[in-house]
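Here the structure is laid out as structure tokens; the discussion comes afterwards.
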Amino acid sequence: MLTSLQNEQVKHIVALQKRKTRKDHGEFLIEGWRFVEEAVRRKAEIRQIYVCPEKEKENWSSLQDILHERRVAIIEVDEKVLRKMSDTEEPQGIIAVVGVKNLTWSDLEIDSQTVLLIVDGIQDPGNLGTILRTALAAGVHQVCLTAGTVDLYNPKVLRSTMGTVFGLKVLTDCSPQDVVAFVRSKSIKIMTGDIEGDSLYETKCLFPLALVVGNEGNGPSEVFRSPELTRVTLPMSNEVESLNVAVATGIILYEIARRKV
């Protein structure tokens with residue numbers, strides 16, 4: 001059992017709270033029983049598990065059996081060490097180190113019904129996490145994050161996804177120009193969520209489709225506002241100027257899903 005705060009493993013876990021360390025080592029942290037269970041269910045690349053025996057859940061034994069089968073290292077820690085490792089005020093008792101998937105454009109699978117989500121410059125971790133969770137629920141499995149978007153592996157982003165991040169293929173740090181080049185090479189139609197666009201409900205959805213949603217304050221990058229691209233907005237009533245980007249994205253994604261039926 002790890003009991004020393006000066007242990008090198010403990011220091012490494014604490015360092016993984018920083019984006020640079022995550023990038024350098026190609027791994028990130030997840031916390032909490034539900035999150036770890038979801039990672040196991042979706043066969044994420046779990047490298048180590050740190051668990052506090054005092055906070056074990058009733059189903060830990062069955063989860064432990066699966067982890068042993070997958071040859072995942074399980075390290076027990078005391079509550080003091082757990083608190084040092086954790087990003088939360090009240091850690092649940094389990095932390096996992098997970099390997100980053102380094103995906104490229106060739107990993108995306110495009111067919112006649114594909115909906116590809118492009119997240120362009122979203123800054124709020126909660127917004128990004130909610131968007132990713134909603135996307136998977138709406139049937140979207142592939143996402144591109146442009147450079148300048150909040151880090152996918154930010155703990156607040158991950159918590160907001162509620163584990164659905166493991167059901168998605170997510171490309172990160174994409175340039176808007178590369179996104180446009182890729183979708184055009186695959187004959188994918190681009191639809192950009194833009195307050196200056198036409199009403200979503202009066203616009204045709206042509207598939208395969210790439211939906212672009214942009215920064216909370218500034219909207220999408222100029223490259224996604226080109227005149228030849230389709231731009232859509234949600235009609236507003238009662239003098240409401242706009243919606244939260246995660247809410248708006250959810251509405252648009254479900255409308256797109258409805259039209260695919």
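Restricting I118, I110 to those that are farther than 20 Å from R42 by Cα and part of a loop (DSSP other than H, G, I, E, B) reduces the list to I110. The test for being over 16 Å from the mean Cα position of the chain (by Cα) and either assigned by TED's automatic domain parsing to the domain that holds K84 or surrounded by 15 or more Cβ atoms within 10 Å (Cβ to Cβ) (or both) does not hold for E27. Inspection of segment 86-101 identifies no residue that is out of contact with any helix residue (DSSP H, G or I) (no Cβ under 7 Å at 6 or more places or on another chain), at pLDDT 95 or above and either over 21 Å from F166 (Cα atoms) or surrounded by fewer than 13 Cβ atoms within 10 Å (Cβ to Cβ) (or both).
Remark: pairs (first residue in segment 213-229, without any contact (Cβ under 8 Å) to a residue 24 or more places away in the chain; second residue part of a loop (DSSP other than H, G, I, E, B) and surrounded by 11 or more Cβ atoms within 10 Å (Cβ to Cβ); Cβ separation under 8 Å; 6+ apart in sequence or on different chains) are absent. Conditions: (1) in a helix (DSSP H, G or I); (2) more than 24 Å from the chain's Cα centre (by Cα). T21 meets all but one. Number of the miss? Here T21 clears every test but (2).
When the residues of segment 67-107 are filtered to those that are of a type in the set (D, E, K, R) and not in a loop (DSSP other than H, G, I, E, B), the one that is nearest to the chain's Cα centre (by Cα) is D107. Suppose the filter is more than 18 Å from the chain's Cα centre (by Cα) and either part of a strand (DSSP E or B) or modelled with pLDDT of 95 or more (or both); does Q64 pass it? When the stated conditions are applied, Q64 passes them. Among the criteria (1) surrounded by fewer than 19 Cβ atoms within 10 Å (Cβ to Cβ); (2) touching a residue at least 60 places away in the same chain (Cβ under 8 Å); (3) within 22 Å of the chain's Cα centre (by Cα), the one Q48 does not fulfil is (2).
The values are calculated or read from the model by the stated rules, or taken from the named source; none is laboratory data. Fair warning: this is a prediction, and the values are worked out from it, not measured in the lab. Positions of Cβ are backbone-derived with ideal geometry, glycine not excepted, and every protein chain shown enters the neighbour counts.
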